[in-house]
Structures are given as structure tokens and as C-alpha cells.
Amino acid sequence: MAVPKIRDRLLRLSALTVIAGLVLSGCSYLRGNSARADAPGVTSDPCPNAVDTSKGCIYLGVLSDLTSGPFAALGKDINNGQLAFWRAVNAAGGIGGKYEVDIATYTEDTSYDLRKHAEAYQRIEPHVLALSMSLGTVQTQKLLDRMDAADMVAIGGTLWSGWQFENSDKGLLLESGYSYCSEAIIALDWVAEQRAKPNSIATVSYQGDYGGDYATGAKKWASANRVDVVAQIDTEPNTQIGNQDAAVAKLLAAGADLVLLATGPAEAGEIMGKAALAGYRGRFLGSGPTWNGGLLKSPAATAITARYNMTSPLDGWDGTSAGAKKARASATLEPSTWGYSAGWMFSYPMKALLTRVVVEGKLRRKGVRESVPGLRVDYEGAIPEYTYGAAKPDLSRQRAIIEMPDQTAPLGAKTLASDYHGPTQDRISLTEPCVQP
């Protein structure tokens, strides 16, 4: 009588073992098709709107000014350029033939606001492998400790000089091109060579990283070339102070031959228009973010066209490099700013990085971070090749695009010089950030 009972128990145990095995197998399957604990933002499930549903998905986050901040037009175009870039990558087979990339699912509009930026990061951090965009220097700096703890690498929508030093960015930021500080130096060399060397300069800029970096570069150039800096004028976006009347009054009082601007485009247009109307006869030079083709539709258009030049770290919309041609061909409509090209070009480093970690089997946050030093990026001619991990920036390799406003040119900007490198950068060295925000 005992034998049948024992046999029944053994059969029940055997059945339970089979069921347990199936459950565990199912759990393993489910884990394989969702983000692993050691690799947030990586799934074997396809991306939404996947080109090839047999490939897995890498999710990247976006924190940008997309609607109402001072750089909303620029931020929106940058985002559109990045979306187009990753669409092209996915259509060409994705990353390592195994994954496609999604940057749309975890996109957050932060309005260039510190609080919104931090809150948005907290929402998306558990779901992404890295950040395809973090727009704003101070906004990104405020997150660095949290990014450091999470091994979160990011493309920086900012050219602060500190990103070129590991003790400032913890090796987490994928910067491209030059810094705002270098931009002022290169641009002033071009003005001195192609227009006239100014006897005196003044700067009008936002306080902090962007404007402060640019203004410091101008001072470094002036010191190296024995030119007087007669005023360093700090200002803020119109959303905070209403107008630029105070900055214009200080500019007129300074009487500089040349005024350098590092503001938003609306503020730059107002400053140039009001200064010209009040009798200022000098020239203006603007950092990349000051420009928007819409300024040529403003009352200040005449003064802007006659007296203003702007710079960019990347080939313009009328550029001839392979990278510029690909960006231009990807757009269904002509963008309103150079941000579309920036979004396209600034994405090359992330593609190179993801390709490297997939090939090396290190597709997790720590592996992504560890693979940044020594990463070499080819921008297909739109920006000079760049290798990450150097102790200090190599100023001899930095180049700028010099432009002028032109109603007939694409985006209202005509390229005057590409691949420009002036003599002053060969005489100075940057061993630390030009300014600490």
C-alpha cells in the first residue's frame, strides 16, 4: 500500500519540478525582452516604429529646450537633427547589426530651466542607457553627481570649455568641436585678418558658462594681441529682465570698435538694432547661439547684415562636407536654425561609442563610460576628427566656420570661410576651464 503513495508523491514532485522549470524559463525570457538591471535602456524587444523588428532597442534620453525657453528654436532643430540622424542609422542596419536606437520615447522639454531639467532627468534616468542630449551647461552640471553615480554618459548641448577637462565633466560628456572660449579667439583672429584689427573690444553676454566662457576667450585674445577690453557687460534673457536697454546703454558708453555677443538671438537682434539706431558705428561679432535667420525679418535687419558676423563649430547648411550633405539631404523641410546640423553632427560620437561597446560586448552603462577614453570620432568632414580622453584640448586642431547674414542664402547665413584657424590659438594654451559657472 505504501508503494503507490510514494510513487504518486514522486510523480507530483516531478510535475512541480517541470512547472518550476517552465516558470523560471519564462522569467528568463521576460528578462531577456526587457531592460536588464545592469543595462537600463537596452532591450531585446524592438524599438517603437522599428525598421527591423528582429533587432533589439537602445533607448537614449533627451533633455532640451523645445517650446518656451530662450533657445527653444535652436533646441527644437537640434532635436529634429538628432531624430533624423538615428532614423538614418536604423535604416542602414542599426548598431552592430543587433540594435536600433530610439531617442523619442524619453524626450523631455525642460525649457532651459534648472528645476525642470533636474526633474526630467529623474523621470527618465531608470529607462535610458545614456543621454542623446542634455542642453545647457549649468543644467548639466547640476546633474553631474547623479550622472556619475549612474554612469550616465551624455551628449552635451553646450560648448563650455570645462567639458574638455575630465576633472570638470567626470569623463561623462561627449563634446564636439571647440569651446565658447576658443570660439571668441578664433573669430577675433578672423576679424583682425579679414576686416580690421580693432583697437578696443567690448563683450555683451549672459552671465555664467556660455557668456562667461565667450567673454573670457575675448579677453585672452585681447591680452595676446595687445587690444583693450573696454567693457564686459553682463545681461540676461528678456524672459528674465524684459529688454536689453541697460546693456545697450553700457555698450554705447564703452565706445568699442567691436562688440562681441553671447546671448540668445532675440537679445542679439535687439542689442544690434537699438545700438545702431542710437548711433553706434562699430561692428558686431556673435557666438553661434546668437544667430537665427528670423533676425533678417526684424527691424534690425539692415544693421545686422552690414555689421555682423557669426561663427559655428560645424559646417553650415550651405556646407560641402559629406556630413553637411547628409544632414541637408535628411531634412524634409528647411530648418529655421543651424541647430538641425548641430543635432546631426553632435550625434556622431554617440554612434561611434555605441558601436564600440556592442562590438566589444560591453553594452551597459559602465561599459559605455569606460569606452569613452580613446574613442576617435570621424564627423565626415563637418567637424575636425576628435579623440576623447586627452589631458587638455588641442587648440591647434580646432576650426571654425565664419558666416555673414544673407537674405538669399540658406537659413539666411552665407559661409565666408570654412576650416578657419587663426594664429592666436597657436600661441596660447588652455590648462583649465576658461570660466567656472
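The values are calculated or read from the model by the stated rules, or taken from the named source; none is laboratory data. A quick note: this is a predicted structure, and the numbers were derived from the prediction, not measured. With ideal geometry, Cβ positions are generated from the backbone for all residues, glycine too; neighbour counts draw on all protein chains shown. Heavy atoms of the whole protein, side chains included, go into the accessibility calculation; ligands, DNA and RNA do not. Shrake-Rupley method; radii C 1.70, N 1.55, O 1.52, S 1.80 Å.
Okay, here's what the table says:
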read-out: Test: residue in the stretch 423-430 that is part of a strand (DSSP E or B) and small (Gly, Ala, Ser); value: no
read-out: Filter result for the condition that a residue is farther than 19 Å from TYR112 by Cβ and part of a loop (DSSP other than H, G, I, E, B), over ALA196, ALA224, ALA187; value: ALA196
read-out: Options ALA266, ALA275, ALA253, ALA249: the member that is of a type outside the set (Asp, Glu) and open to solvent by less than 50 Å² (accessible area, probe 1.4 Å); value: ALA275
read-out: Matching residues, the stretch 278-289, being within 19 Å of LYS250 (Cα to Cα) and either surrounded by 24 or more Cβ atoms within 10 Å (Cβ to Cβ) or within 26 Å of the chain's Cα centre (by Cα) (or both); value: PHE284, LEU285, GLY286
read-out: Filter result (over 18 Å from PRO384 (Cα atoms), β-branched (Val, Ile, Thr) and within 23 Å of the chain's Cα centre (by Cα)) within the stretch 401-434; value: THR431
read-out: Check on TYR180, surrounded by 24 or more Cβ atoms within 10 Å (Cβ to Cβ) and either among the basic types (Lys, Arg) or at pLDDT 95 or above (or both); value: yes
read-out: Residue under evaluation ILE304, criteria (1) without any contact (Cβ under 8 Å) to a residue 12 or more places away in the chain; (2) within 28 Å of the chain's Cα centre (by Cα), criterion not met; value: (1)
read-out: Hey, GLN122 open to solvent by 20 Å² or more (accessible area, probe 1.4 Å) and free of Cβ contacts under 8 Å to residues at least 40 places away in the same chain or not; value: yes
read-out: Failed item in (1) within 18 Å of TYR214 (Cα to Cα); (2) out of contact with any Phe, Trp or Tyr (no Cβ under 7 Å at 6 or more places or on another chain), with ALA154 passing the rest; value: (1)
read-out: Cβ-Cβ under 7 Å pairs, at least 6 apart or on other chains, the stretch 233-255 side at negative phi and free of Cβ contacts under 8 Å to residues at least 12 places away in the same chain, far side part of a helix (DSSP H, G or I) and of a type outside the set (D, E, K, R); value: none
read-out: Residue ID - most open to solvent (accessible area, probe 1.4 Å), chosen from residues in the stretch 139-155 that are assigned to a helix (DSSP H, G or I) and over 19 Å from ALA342 (Cβ atoms); value: ASP145
read-out: Selection from the stretch 126-138 of residues that are more than 27 Å from CYS47 (Cα to Cα) and either among the acidic types (Asp, Glu) or in a helix (DSSP H, G or I) (or both); value: THR137, VAL138
read-out: Residue check for VAL377: among the aliphatic types (A, V, I, L, M) and in contact with a Gly (Cβ under 6 Å, 6 or more places away or on another chain); value: no
read-out: Hey, ALA215 buried (at least 21 other Cβ atoms within 10 Å of the Cβ), of a type outside the set (Ser, Thr, Tyr), modelled with pLDDT of 95 or more and assigned to a loop (DSSP other than H, G, I, E, B) or not; value: no
read-out: Test: residue in the stretch 350-365 that is touching a Pro at 6+ places or on another chain (Cβ under 9 Å) and under 30 Å from LEU260 (Cα atoms); value: no
read-out: Helices (runs of 4 or more DSSP H) wholly inside the stretch 294-409 containing at least 2 residues that are among the hydrophobic types (A, V, I, L, M, F, W, C) and open to solvent by less than 10 Å² (accessible area, probe 1.4 Å); value: 322-330, 339-345, 348-359
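Here is a yes/no grid of residues against (1) of a type outside the set (D, E, K, R); (2) touching a Ser or Thr at 6+ places or on another chain (Cβ under 6 Å); (3) under 17 Å from VAL62 (Cβ atoms):
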residue	(1), (2), (3)
HIS117	yes, yes, yes
ILE124	yes, no, yes
LEU131	yes, no, yes
VAL138	yes, no, no
LEU144	yes, no, no
ALA154	yes, yes, yes
